[in-house]
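Some notes on the structure that comes next.
The numbers here are math on the coordinates, done by the rules we state, and not lab data. Not measured: the values here are computed from a predicted model. Cβ coordinates were reconstructed from backbone atoms using ideal geometry, including for glycine residues, and neighbour counts include every protein chain displayed.
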């Protein structure tokens, strides 16, 4: 059973009840307050991507990245990683951490990574395909704060964490569960990964991200995904079941906890997204071409390492290149430069035949016009770059420092519209409709004609948050701004939310594991 | 002298004064409250357009449009138009108004229209090129109401009209002055075109639109443009100096006042944009392909007529196709369907080698998140369709029923970002920056490196409305939403505004003409 559908059904009956009792529905058109959403689907890009780089420029950026790897090198702050790369013939400098790798080695290794792969979560109906023309979206990950119109802005906590996880499950436009939608800082860091992953696995049935924060955490999380799926160790490793993301510490450095997690994931055939943190002007060159070259060098270095750990293990080329405000150093998001970086990253990822990850970002502090246009610009950059995994798809505010309940709803409206947009436009003879135009004639109206009657239910995208009523009706309904309407919607969603079904034995095994690991003290917190 | 530059210079000195006197500037970064804007330029599209239609589908839509013209016909509610088309060999039905035209005739006629042309206003430095890869933007036109955060929503008046005209002059991202930014309904309809055009010509020095609302109005407006430019009649006709826009009354009808105006403009070599009002599901088929086919038929019929009036007179293929909410009949804007219609219209316009017009639209009632994403979506549809004339670029709200002061400012921020975005991304060896990456090394920072120092001033787009400060600073500065910041900016702009220079004799001749025509009673209002 698809929980989202059952939620919709429940909503419909609630709406009917309210109407019968004379209560007012969510707006003047008699719709309920929450979401008549698009069905679960895996949208595909059908248009050509936007490609700002000429073929020669792709080669030049590639050459720049290769020169960085060959002549400068990347620091790998993990002895095992350095040993592996040394054995593969890379040059390790006297500092024992800087590794230089030749372009032949890099290209040979990354060619081993699949250009497309499936990830199968505990509910196989939620399997996603990463790569090719596939568009997938996950919710915001890792903000330390959350906000909503009722509470204002607060430090992250467990309640807010579960609220966002429930909304992530609810929306069909979200395909995977990314990092913590907000850090539950009231859960001790030693056991946060246990409670966090447990809730992701129980409150959702979608593909889950696991943090690469050292040995114990990643091993615990892999075990939890295995248990939740009722899988043997062999079954777990047979397919990607989850994924992680690692960020290089730009410029030119991969840190221990992330390398450790990613290598352990690769050993067991689980995917890693490698996303350099290349803010142009700060941790990367002030030119977008330079930032993308550096991003490519850092990313490919990580992916090459993972292919040494296990040839053919899945990996994703991650783009997080944006720019900073040169007056203040503040990161900027959803800028023209950000869009171009997404599109250029798409060209590089396709050049290397790797899936692409990018993000729905903004710098705004409130879910207002700026937040909407920065996210819309981000999303168009991401979509026209043909990003396979769209991180931070819903809820991101303040350059990632805050998860907003209202922004989450606003983003899902935008995401639904984009997922509708990417579908091919039908252009059959019936669609061109000469006979309908003849039927209606000059000065007529198309509402009543058979051509319209046959199609009007499904003709156009139907929004759940946009208010298309006229000014007078909008005013009569309280003159609510977008974020105020979104506020009502997330409350309805949380009220309607139901846990997706999970096998009783699997859940018991999962809970038993969490209890045992908590009793053991969880993971060390001193790295 | 460019008035915008002088405005900026004045702002800088104001800011210095405020700082010296200890006053607080507009935000925490010490910037003034108004606009450090991009310089005047004519932006070019450099990317490939997004093209949802396969070549065969373009042919099929063309064939559909031609069948509408050949088999069904278009009503021309103007005897002169019908006479012209009859003489050219078209079939006039017994009703005396429905004209059927063969595809050979249509294609032969529209081939006479230029694919690109210049319009030269009274200040030749403001000349615009319409067609090719040129992107041009005008402000919102024709709403009956206006709104701002101080007054709320009101019926249009002369004061608001001039405010918007001044803002249109101020912003370099706006290239032409479209229809009345809000109807000055306190000016009698018989003389509104006189006061309206007089103010457009004096308060701005950009290319101006004239309404095609019957004989007297269009003749008056042409004469005023001629006088303001100090032109002889021959000089006026030698080049396009202004433009008009006509809307067919969809489905399949061109009305008298607009046909009359457009034919008079064509006689004198002045351009007409033909924009069918094809709302899919209401005045056009419920399928986007059908609506675009009908739009094409209605548009080409008008352009073919104008080529009969004067071969080679400039014309623009106008797209206004959007969809309606099928539950309520309300028009919807900035939808996925709207974007696709823009892109498909771009393909049709290029097929016919005609410039394209489309619009920055939204259905929202307040300048909030919905307004921003609907406009951002519209603009991406318009930009990826490679629209030459972007109508309603700044200020549109409520499906065109309201001009918003704050939305105007928000739109100009988005427009500036898009005009920055469309520039080519530099990818020289210096841009790829391997040496800068080497200089900085692992764990370093790019702020201080020479590569950054040489470029940081102009490296990235600088917004004037977006607030990139962190949450704490944003809160300290009053926690202003985007539209609240925009409210401060338009007030500064109106305070700073100065009239552009105009030749004294030309201004006197213009004022004399207006006075004379007012004395004569203006234009009849009974059509």
Mean residue ellipticity at 222 nm from the helices of the protein assembly as shown, using -39,500 (n - 2.57) per DSSP H segment of n ≥ 4 over the full residue count, to the nearest 500 deg cm²/dmol?
-13500 deg cm²/dmol
For region A:236-372, compute Rh as the Kirkwood radius over C-alpha pairs and then the Stokes-Einstein diffusion coefficient at 25 °C and 0.890 mPa s; write the answer in µm²/s, rounded to an integer.
159 µm²/s
Ranking request for peptides A:366-377, B:41-52: highest mean number of other beta-carbon atoms within 10 Å first, then the rest in descending order.
A:366-377, B:41-52
Taking B:310-316, B:121-127 and ranking on average Cβ neighbours within 10 Å, highest first, one gets B:310-316, B:121-127
Rounded to a whole number, the mean other protein chain Cβ count within 10 angstrom for residues of A:458-465 is 6
May I have the pair-distance distribution P(r) for region B:440-489, computed from all Cα-Cα distances with 5 Å bins from 0 and rounded to whole percent?
5, 16, 17, 14, 13, 14, 12, 7, 2, 0
Assuming R0 = 22 Å, what is the FRET efficiency of residue B:450 and residue A:328, from their Cβ-Cβ distance, to the nearest 0.05?
0.55
Taking 0.36 nm per residue of separation and subtracting the Cα-Cα distance, what length does fully extending residue B:86 through residue B:520 add?
152.6 nm
Across the residues of A:466-479, average count of Cβ atoms on other protein chains within 10 Å?
5
Neighbouring Cβ atoms within 10 Å as the yardstick, rank B:432, B:502 fewest first.
B:502, B:432
Every other copy gets compared here: list the nm distances from the residue B:155 label point (7 Å along Cα to Cβ) to its counterparts, shortest first, one decimal.
5.7
Mind checking the alpha-carbon convex hull of region A:346-400 and giving the volume per residue in Å³?
62 Å³
Per-residue Cβ neighbour rank within 10 angstrom, fewest leading, A:451, B:193:
A:451, B:193
Range of Cα positions in region B:320-414 per principal axis (Å), largest first
38, 33, 18
Arrange the following residues from fewest to most other Cβ atoms within 10 Å of their Cβ: B:164, A:460, B:447.
B:447, A:460, B:164
For region B:77-198, count all C-alpha to C-alpha pairs, find those more than 22 Å apart, and express that count as a whole percent of the total.
59 percent
What's the Kirkwood radius of region B:370-520 in Å, using all Cα pairs?
20.1 Å
Scattering profile of region B:107-263 at q = 0.10, 0.11, 0.14, 0.18 Å⁻¹ [log10 I(q)/I(0), Debye over alpha-carbon scatterers]:
-0.38, -0.46, -0.75, -1.21
For region A:445-505 and region A:157-191, what is the separation of their Cα centres, given in Å?
24 Å
How big is Rg to Rh over chain B, alpha-carbon atoms, Rh as the Kirkwood inverse-mean-distance radius?
0.99
Using the 7 Å Cα-to-Cβ label point, sort the distances from residue A:127 to its equivalents in the other copies shortest first and give them in nm to one decimal.
6.3
On each of the three principal axes the extent of the alpha-carbon atoms of region A:31-114, given in whole Å and largest first, is 68, 34, 22
Would you kindly work out the equivalent ellipsoid of region A:68-109 from its C-alpha gyration tensor and give its semi-axes, the square roots of five times the eigenvalues, largest first in whole Å?
15, 12, 8
Protection proxy ranking, peptides A:404-412, B:68-76, average beta carbon neighbours within 10 Å, highest first
A:404-412, B:68-76
Log10 I(q)/I(0) at q = 0.15, 0.27, 0.30, 0.31 Å⁻¹ for region B:295-349, from Debye over equal alpha-carbon scatterers, is -0.54, -1.02, -1.12, -1.15
Could you work out the per residue convex hull volume over the alpha carbons of the protein assembly as shown, in cubic angstrom?
170 Å³
Would you mind calculating the relative contact order of chain A from Cα pairs under 8 angstrom and at least 6 residues apart, reporting the percent as a whole number?
20 percent
Based on the alpha carbon coordinates of region A:465-527, what radius of gyration and maximum Cα-Cα distance (Dmax) apply, in Å?
22.5, 62
With the label point 7 Å along the Cα-to-beta-carbon line of residue A:108 and a cut-off under 17 Å to each amide N, the hits in region A:56-98 are A:70, A:84-92
To the nearest whole number, what is the average tally of beta carbon atoms from other chains within 10 Å of the beta carbons of peptide A:330-342?
5
The percentage of Cα-Cα pairs in region A:188-259 separated by more than 20 Å is 34 percent
